[in-house]
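K.L.:
First the structure, then my questions, so here it is.
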Amino acid sequence: MVLASSLKVVLGSLAFAIFWVLAVFPAVPFLPIGRTAGSLLGAMLMVVFRVLTPDQAYAAINLPILGLLFGTMVVSVYLEKADMFKYLGNLLSWKSKGAKDLLCRICLISALLSALFTNDTSCVVLTEFVLKVARQHNLPPQPFLLALASSANIGSSATPIGNPQNLVIAVQSKISFGSFLSGIIPAMLIGVVVNALILLCMYWRLLSIQKDETDADVDVVAKEDVDSHRFSPAMMSHITSLNSQEWNSRLETINVQVSSNLSGNMGHVETIRNRLGSSENEIHRVPSDTIDSARNSNASKELEKSVSSPKREEIIPSKTVRSMDRLRDALSVESSEQKEDLTIRWKMMLWKSCVYLITIGMLIALLMGLNMSWTTITAALALVVLDFKDARPCLEKVSYSLLIFFCGMFISVDGFNKTGIPSTLWDFMAPYAQIDHASGIAVLAIVILVMSNLASNVPTVLLLGGQVAASAAAISAADEKKAWLILAWVSTVAGNLSLLGSAANLIVCEQARKTPRLGYTLSFWSHLKFGVPSTLIVTAIGLVLIR
């Protein structure tokens, strides 16, 4: 493609530059409007500068990608409501055998979770929990936070729903879910293992030091605080309906009330026993001659009955009878409440099981090659209907700002492509980046790596995807698929290079810093010291394994 007119090139480049600056640095002093507004501003300028017509701008928005992203987020909301993320998080501390074992678990669980529910969700869900577990065992947080962020990025490369750039690649390339998974999962598994080994080597001595548990500078976290941690996916931080922990707290409150009622009513029982004893003493104080004469005749027996009857009536006064009735009523009420709560708990367990089954069904449908966008939307709506409640509280937790950001980004990137600059640059690099030989793969990987850290990974995929695939398709269909998978792998793993390379890294950094009582600052240089060797080694290994 040749360059457009000079005016269109200048204005299109200016609009894209504004979008890029605000996407990479959303809080710049001269225009601190954020990423979402920045993407809309770039899209609007593309239309105002007549780089794109309004119809071309609307056509640039990729609805299948937005549908897939929306469906995935809704499913994540209901999985969080069903406590799935809590159960996964508890695996981190279950029968842990030390700091090194904990680090390996974080790498594995983070990679698995991000492959199924995006890397950003994995980091939002697990960051605070990782901090709590580290402080509970008096361990330094830094290696565990690095393990969480880096493994989330690597793990998300395995599936089309693992991260936004994979969504774009899956839709544009039309590679099926199963084919995508089988092509990258060997590289992902080996990459997670190698990444964990790099962390262990770099922090071996630090992880081997046993800190003093009585150190005053360490804010030790109780086990109960870790177990009661609430997990929330990104932009999905509140659940209005009762969860399993709230059911347990309600049952504990009921048990306390039952015990207090029983202890209070036991006093009435003791009063009854005392009065029975005093009544029996009164009976024994009846004169003996009266009793002897009563034994000699039937009339005396009738007299004994007439004498004893009023005594028996005095044994249990009316107040005591009312107290016993109140005790009986209280016990029956508490028993019925316990039965009702037990029924609710069974219903909650049944609902959770249905949520997990629907999610598994969605994954099976994706593996079978069904349309990914409509499959995730169908699963999301099935969960909405299954909940049988007003869906507004759950739908409000969807990150609509992210969807709007994608709309603006699609328009901005398409406008920049219309200037002809990306295709011209690729025409210059294409002869050196052919994937039918090792040197070409290395050059292509370097280009993707650099652009992913400069322009972010999703714009890089949108800018390079079509050119890379077309160049590989000229060789063979198998090479075209391999080119798409290499683009997915390198653009994703490139996020580990620096703290600014991936949104998942920034999420971990910000959440760790803002966590109450456990705040920890992950610096740019500490991440870079680990990120550079990890990214280069893991990327190289993946390039050898991708087929």
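The values are calculated or read from the model by the stated rules, or taken from the named source; none is laboratory data. The structure displayed is predicted, hence computed values, not measured ones. Virtual Cβ from ideal backbone geometry, glycine too; neighbours counted across all protein chains shown. Remember, those area values only see protein heavy atoms, side chains included, never the ligands or the DNA or RNA. Shrake-Rupley method; radii C 1.70, N 1.55, O 1.52, S 1.80 Å.
K.L.:
In µm²/s, what is D for the stretch 1-153 at 4 °C and 1.567 mPa s, where D = kT/(6 pi eta Rh) by Stokes-Einstein and Rh is the Kirkwood radius from Cα pairs? Walk me through the intermediate numbers first.
P.N.:
Working: Rh = 18.8 Å.
Here the translational diffusion coefficient equals 69 µm²/s.
K.L.:
Provide, for q = 0.14, 0.15, 0.20 Å⁻¹, the log10 of I(q)/I(0) from a solvent-free Debye sum over equal Cα point scatterers in the stretch 439-547.
P.N.:
The calculated log intensity ratios at q = 0.14, 0.15, 0.20 Å⁻¹ are -0.59, -0.65, -0.99.
K.L.:
Distance check, please: which entries in Lys418/Lys482; Lys95/Lys347; Lys8/Lys529 exceed 32 angstrom between their Cα atoms? Working shown, then result.
P.N.:
On the way: Lys418/Lys482 26 Å; Lys95/Lys347 30 Å; Lys8/Lys529 41 Å.
Those over the limit are Lys8/Lys529.
K.L.:
Can I ask one more? Under a Cβ-Cβ cut-off of 13 Å, what is the net charge of the residues other than Ile184 that fall near it, where Lys and Arg count +1 and Asp and Glu count -1? Please list the in-between numbers first.
P.N.:
Working: positive: Lys481, Lys482, Arg547; negative: none.
Around Ile184, the charge tally is +3.
K.L.:
What accessible surface, in Å², does a 1.4 Å probe find on Thr378, ignoring ligands, DNA and RNA and rounding to the nearest 10?
P.N.:
90 Å²
K.L.:
Can I ask one more? Would you mind counting up the charge near Leu199? Only other residues with Cβ under 15 Å from its Cβ, with Lys and Arg at +1 and Asp and Glu at -1. Spell out each step's value before the answer.
P.N.:
Numbers: positive: Lys100, Arg105, Arg205, Lys529; negative: Asp101.
Neighbour charge sum, excluding Leu199 itself: +3.
K.L.:
What is the pair-distance distribution P(r) of the stretch 342-423, computed from all Cα-Cα distances in 5 Å bins starting at 0, with each bin given as a whole percent?
P.N.:
3, 12, 13, 15, 16, 13, 10, 7, 5, 3, 2, 1, 1, 0
K.L.:
Taking each pair of different alpha-carbon atoms in the stretch 107-209 once, compute 1/r for the pair, average those values, and report the inverse of that mean as the Kirkwood hydrodynamic radius in Å to one decimal. Please report the intermediate quantities before stating the final value.
P.N.:
On the way: mean 1/r = 0.0704 Å⁻¹.
Taking the inverse mean of 1/r over all distinct Cα pairs, the stretch 107-209 comes out at 14.2 Å.
K.L.:
Same structure again: Please state the shape class of the stretch 455-495: rounded when a/c is under 1.5, otherwise prolate if a/b exceeds b/c and oblate if not, all from the C-alpha gyration tensor. Don't jump to the answer; show the numbers that get you there.
P.N.:
Working: a/c = 4.09, a/b = 1.78, b/c = 2.30.
Because a/c hits 1.5 or more and a/b fails to exceed b/c, the stretch 455-495 counts as oblate.
K.L.:
Then there is this: Counting other Cβ atoms within 10 Å of each Cβ, which trypsin sites (Lys or Arg not before Pro) in the stretch 82-123 have at most 12 and sit in a DSSP loop?
P.N.:
Details: sites: Lys86, Lys95, Lys97, Lys100, Arg105; in loops: Lys95, Lys97.
Sites meeting the loop and neighbour criteria: Lys95, Lys97.
K.L.:
Follow-up. Could you give log10 I(q)/I(0) at q = 0.28 Å⁻¹ for the stretch 1-71, computed by the Debye formula over C-alpha point scatterers of equal weight, without solvent?
P.N.:
-1.15
K.L.:
Further question on the same structure: Longer than 26 Å from Cα to Cα, which of Lys389/Lys514; Lys81/Lys481; Lys81/Lys514 are they? Say none if no pair is. Walk me through the numbers before you get to the answer.
P.N.:
Numbers: Lys389/Lys514 33 Å; Lys81/Lys481 37 Å; Lys81/Lys514 24 Å.
Long pairs (Cα-Cα over 26 Å): Lys389/Lys514; Lys81/Lys481.
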